[in-house]
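To start, the structure itself, in structure tokens.
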Amino acid sequence: MLIGLCATIFYIYLLKKQVEVKVNELNIEKEQYPEIYNALNSVTFSSFGKKIKDGESLVVYIGRPSCSDCTTFEPELIKMINEKKLNDRVLYLNVSELKKDKGLWAKYVENYELPYTPTLAAFREGKVENQVSWTPEKGSDLKAFENFLDAL
């Protein structure tokens, strides 16, 4: 009887530890999940390319979780987008995987002339109509990004 009770207590202890490990894993995943996905609809790179090829008019925020300037900038962008109620007007394009492949990245930059992240770009008839980007010289000019959003 005592052995059975000890075994049950030990089993409960092991289950509790497993739950704690899972909770920690979920918390880590949550911290790594960019908040931008909660503010904007995302578009895959292939879907983005098709929309541009089809001549759709669209506004895209181009960023990547591996970009420290993007992760610093995004809370301000989210705030501006929420205040201006533009959540349904701006799409998010995560170029993280694209950036890892130098050849694909070079082709992307050549095709769209958007070499930096973070970037907001408006496309019309397959071409960049307007854009505002982080630059090595100026960083992310929040006022320029806000003016871009105000013009939508």
GNM top mover of 139, 49, 103 - the chain, alpha-carbon springs below 10 Å: 103
Distance violations [Cα-Cα > 26 Å] among 51/85; 53/99; 50/138; 79/100: 50/138; 79/100
Rounded FRET efficiency, nearest 0.05, which uses the C-beta distance separating residue 85 from residue 106 and R0 of 35 Å: 0.45
Simple label model, 7 Å out from Cα along Cβ direction - residue 97 to residue 127, nm: 3.1
Candidates 43, 90, 109, ranked by Gaussian network fluctuation over the chain, Cα under 10 Å, top entry: 109
In region 71-152, GluC sites (Glu not before Pro) in a DSSP loop with at most 14 other beta-carbon atoms within 10 Å: 113, 125, 137
Ranked 66, 46, 133, criterion: other C-beta atoms within 10 Å, fewest first: 46, 66, 133
Range in the chain, longest, excluding exposed trypsin sites (Lys or Arg not before Pro) [loop by DSSP; at most 10 other beta-carbon atoms within 10 Å]: 1-84
Label of the coordinate-derived value, Cα Rg over 2.2 N^0.38 Å, listed as (i) 0.99; (ii) 1.47; (iii) 1.27: (ii)
Within the chain, helix-based [θ] at 222 nm, where runs of 4 or more DSSP H residues each add -39,500 (n - 2.57), nearest 500: -17500 deg cm²/dmol
Proximal aspartates and glutamates to residue 16, defined as alpha-carbon separation beneath 18 angstrom and excluding residues fewer than eight positions away on the same chain: 25
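Bear in mind that the values in this text are calculations on the coordinates, not laboratory data. These numbers were taken from a predicted model, which means no experiment stands behind them. Because the Cβ atoms are built from the backbone with ideal geometry, glycine has one as well, and the counts that use them run over all protein chains shown.
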